[in-house]
1. Return the only residue of A:D445, A:D496, A:D487, A:D422 being under 27 Å from B:A352 (Cα atoms) and not aromatic (F, W, Y).
2. Would you mind telling me which numbered condition in (1) of a type outside the set (A, V, I, L, M); (2) in a loop (DSSP other than H, G, I, E, B); (3) more than 14 Å from A:V258 (Cα to Cα) A:H319 fails?
3. Taking the conditions exactly as written (surrounded by 22 or more Cβ atoms within 10 Å (Cβ to Cβ) and within 13 Å of chain B (Cβ to nearest Cβ)), does A:L350 satisfy them or not?
4. Would you please name the residue that is farthest from B:P134 (Cα to Cα), looking only at residues in the stretch B:52-90 that are open to solvent by 20 Å² or more (accessible area, probe 1.4 Å) and within 14 Å of chain A (Cβ to nearest Cβ)?
5. Scan the stretch B:324-347 residue by residue and report those that are within 18 Å of B:V221 (Cα to Cα), of a type in the set (S, T, Y), touching a helix residue (DSSP H, G or I) at 6+ places or on another chain (Cβ under 8 Å) and open to solvent by 10 Å² or more (accessible area, probe 1.4 Å).
6. For the stretch A:358-380, how many residues are assigned to a loop (DSSP other than H, G, I, E, B), more than 18 Å from B:A400 (Cα to Cα) and among the aliphatic types (A, V, I, L, M)?
7. What number of residues within the stretch B:398-456 satisfy the criterion of being charged (D, E, K, R), within 30 Å of B:V204 (Cβ to Cβ) and either open to solvent by 50 Å² or more (accessible area, probe 1.4 Å) or away from chain A (no Cβ under 14 Å) (or both)?
8. Go through (1) under 47 Å from the mean Cα position of the chain (by Cα); (2) open to solvent by less than 50 Å² (accessible area, probe 1.4 Å); (3) not small (G, A, S) and name the single condition B:R461 misses.
Number of protein chains: 2
Amino acid sequence: MADLPALPDDALRIVALGGLGEIGRNMTVFEHQGALLVVDCGVLFPEEHQPGVDVILPDWTALRDRLADITAIVLTHGHEDHIGAVPYLLAERPDIPVIGSRLTLSFLSAKLTEHRITPALVEVREGGKLDRGPFSLEFLAVNHSIPDGLAVAVRTRAGLVLHTGDFKMDQFPLDKRITDLRGFARLGEEGVDLFLVDSTNADVPGFTTSERDLAPAIEAVFRTAPRRVIVSSFASHVHRIQQVLDAAHTHGRKVAFVGRSMVRNMGLACELGYLTAPDGLIVDTQTLERLPDNKVTLVCTGSQGEPMAALARMASGRHTINVGDGDTVLLASSLIPGNENAVYRIINGLTARGANVVHKGNAKVHVSGHASVGELVYCYNIVRPSNVVPIHGEARHLKANADLALSTGVARDRVLIAGNGDVIDLHDGHAAITGAVEVHEVYVDGHTVGVLTEDSLAERRALGQDGVLTVIALIDRDTGLLAEGPDVIARGFVHDESAFESLAPVLEKTLAGAAERAVTATAELERRIVRATESWARKALRRQPVVVPVVIDA
Amino acid sequence: MADLPALPDDALRIVALGGLGEIGRNMTVFEHQGALLVVDCGVLFPEEHQPGVDVILPDWTALRDRLADITAIVLTHGHEDHIGAVPYLLAERPDIPVIGSRLTLSFLSAKLTEHRITPALVEVREGGKLDRGPFSLEFLAVNHSIPDGLAVAVRTRAGLVLHTGDFKMDQFPLDKRITDLRGFARLGEEGVDLFLVDSTNADVPGFTTSERDLAPAIEAVFRTAPRRVIVSSFASHVHRIQQVLDAAHTHGRKVAFVGRSMVRNMGLACELGYLTAPDGLIVDTQTLERLPDNKVTLVCTGSQGEPMAALARMASGRHTINVGDGDTVLLASSLIPGNENAVYRIINGLTARGANVVHKGNAKVHVSGHASVGELVYCYNIVRPSNVVPIHGEARHLKANADLALSTGVARDRVLIAGNGDVIDLHDGHAAITGAVEVHEVYVDGHTVGVLTEDSLAERRALGQDGVLTVIALIDRDTGLLAEGPDVIARGFVHDESAFESLAPVLEKTLAGAAERAVTATAELERRIVRATESWARKALRRQPVVVPVVIDA
């Protein structure tokens, strides 16, 4: 973190390398007295303008020559957007201690096993305290859409910082583990100098409904379903699945899990006691196949319309489970923006096959995992922070959260809307943006990490929109003119060769012009072929294909 | 319409060529005594899995040798998904009479002028009647998100069919032109043999709110905006724009329209009296620029996140209007599924620039144009149809609408869920599906209509996801081995040439193998190069690029 103002020994520096201005790849770095502490290290899922990208990582380029200074990674909970990038960071320095709750670490371990990394894990619980270098950490229970979430308080000589992680304030959670507002109040009494607050639902009015309020709708599905019940939800939403298991049990059905991440996570959750099921309730799919339809519950992945997941394959008839009349499909999940068409395609496909599809659009089968306006305002009033930085959100969420802080009386110049890379220094009880480190999108793309460029992505978008035209020009060494052809190969549009007949004279003219001016360098000929072909395509095809020139001496 | 059962003289045949199982490209064909009647002829907008496609047309292949039998095209209203394909149908037979209300025909004419077609227009009004061949038509007022909508009743010897078009039942529309339920009741008394009913909101509980209930939120924007007000809405939503004009006038602001379709449609609506504005309220953008910010209202297109529209360019700083602190942007529009990310990007961009963005997520600034469950049930009970076919909707909407018909007492075997191309015969008061004509997606793509294939689209998706690898193999005629190279050109991913070093030996081996077996045909060599390159890419790059082989004899 070069080119930044020197950091006094009694100051704390905070830089978010991801999660500000976006929902995902959360990663916040704390610096104090030369030591670094990382809170969360997640991935961001690509949008439609980033085709082919697997995931996007936070950009820790600025940390690269200071990896040795990292005292620990603290994980607030086990969602991908908080833990997904840990394997990539550990690949650069495997012995960084990773601190988190039991379920969080178990989900992380499963992931690290796939990456063949053996991590240094430090398990903590709510109420626990831990010192790492100059950082004194205290962990507080928070409630979220995955069990075992933690907020983290960071004490340094610069003061007390409270980082909520992702949280909501369900007053009746299934595991009775409520967000520790009493702890928030105690810290508030002590004086929270800086409050980092989840913004995801800061523009949603009112209070987030309790998870247990979904029970009637889930129960109704099981009570009325004449044949199979197929449930799709997030593979980490232990409490949602618990409600499904309970309803299945009540109505004498068995349950099988389908989909790699669902099987793995629910296995871990059972093992560790986060998910409870009477003996014999959970069976494997082979056992399930031998049961009558009205004894069957399948719990599978694919609630976001992922085309390769079990649910999408059932909807389009590409799965061994042949969904039909009388089957009931329950989508007990949110609809993440950008996935609407994919999810509606599945709902339509299942409906057309005769299934009754129950989803958040027609029944109360989902609640959010994040605090809405109502809860956030409670939080601000309980904590009464000196300084606030909204985290975890797009611009609109950060702005809405900042407005909430202001509405509870936080001073206007103490509410900072920051972006990824912005450097926030907390000194003498005052937080201020003092500089910025450069951050970019780091794409994981096939085998590569951070190699894919914005230019390549722009090319992909162009290829996807308009296809590609390979133009092969065999050129006579002596005359500089076309020896034959040109040959044209199109992909992604009209394959009819006659469409390209009018291109030949254009290229002949282009090459004759080049020969006249004694232009012979291959690169320059290629440039001219591209230019001429592009301009021809705009007129003749009203398209802008990517043109790949191949110049060969005959 | 070959291979279908013969149609008795007292029977009516109905085939939807679009609009069933999708929202868009509505087109229903009626056949009676050898004559055809077309109701609506619209376009469908492509989804993300149809990249580069401009629009999708209904597939009237089955009509192509019967164009002369078409007695008329009836247009229910002026939305693109009901009129957008008319120019393409008239291109095949320009003298088909087109019947519609005044505003509908004026929007169509503007479109046909661009296509250089002079149509045979027949203007009708609500309450009007008209005979075309064996079809007796009667038109009834319906209320929708565009003025001057019509339902159409079609009387033939087979009975009475009522087609709602798109409609809702706003009891207090701005133009006081309510859906003619009294007319629906009168037809019901006469006996509606077949009811074709808009399904768009058949899964939305309750009643659609009145357009006039948006006034307080729109008014609040104008009352409190300190600087400019920028409004974005659909370019055909005359009544929404009327509310904006009224509020602007009340608060002493001037209004300019921005965006080609907005300027054109609002000009027509003013001219014909559908939009009313006091003298001097509407100005051009040059005049607006000279006014102080708090006197300015801009009404522009782009509410669905279209990247080239004015709004998107303002959000990303690519527009002469520099949106900033104190500006208010009002998105007075719906959010069509699939556009969420694009729209949120705009909201985020505008928010990050300091604008206050008011949209349906945080204020009551949009109502739907379609009847919800509440209104639909009223309709069924007033009309009491013998047979029902839900139209205009995806599978989930059609199913929901069918369930509504059943709930009001229509007999189970008289409620038909049909797909595009399904042939419905109404005979002896009974409607039944008697066959099907083949229908496909007809893509308008650059200069081509109906040429783009599903294979080409699959190629585009592959190109967009994984890029393209052009492999150039110069082959020695004598040995059949590589004379040099191979040369590899990548687009859409890693440009680093070293990534392809390990491909050379693979291709050398492939060609040596071919030479050994005396394989010399270019097509076969190309196939082997593609196979070898694909398999190499899967392993070496974990990608599946499209491979374009270029085999040249050296």
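1. Going through A:D445, A:D496, A:D487, A:D422 in turn, the sole match is A:D422.
2. Single failed check for A:H319: (3).
3. Values: surrounded by 22 or more Cβ atoms within 10 Å (Cβ to Cβ): yes; within 13 Å of chain B (Cβ to nearest Cβ): yes.
Against the criterion (surrounded by 22 or more Cβ atoms within 10 Å (Cβ to Cβ) and within 13 Å of chain B (Cβ to nearest Cβ)), A:L350 qualifies.
4. The residue in question is B:D54.
5. Scanning the stretch B:324-347 gives no hits.
6. Final tally of qualifying residues: 3.
7. 6
8. Evaluating B:R461 over (1) under 47 Å from the mean Cα position of the chain (by Cα); (2) open to solvent by less than 50 Å² (accessible area, probe 1.4 Å); (3) not small (G, A, S) leaves (2) as the failure.
The values are calculated or read from the model by the stated rules, or taken from the named source; none is laboratory data. On a predicted model such as this, the values are computed, not experimentally measured, just so you know. When we count neighbours, we look across all protein chains shown, and the Cβ atoms used for this are built from the backbone with ideal geometry, even at glycine. We work out accessible area using only protein heavy atoms, side chains counted, and drop any ligands, DNA or RNA first. Shrake-Rupley method; radii C 1.70, N 1.55, O 1.52, S 1.80 Å.
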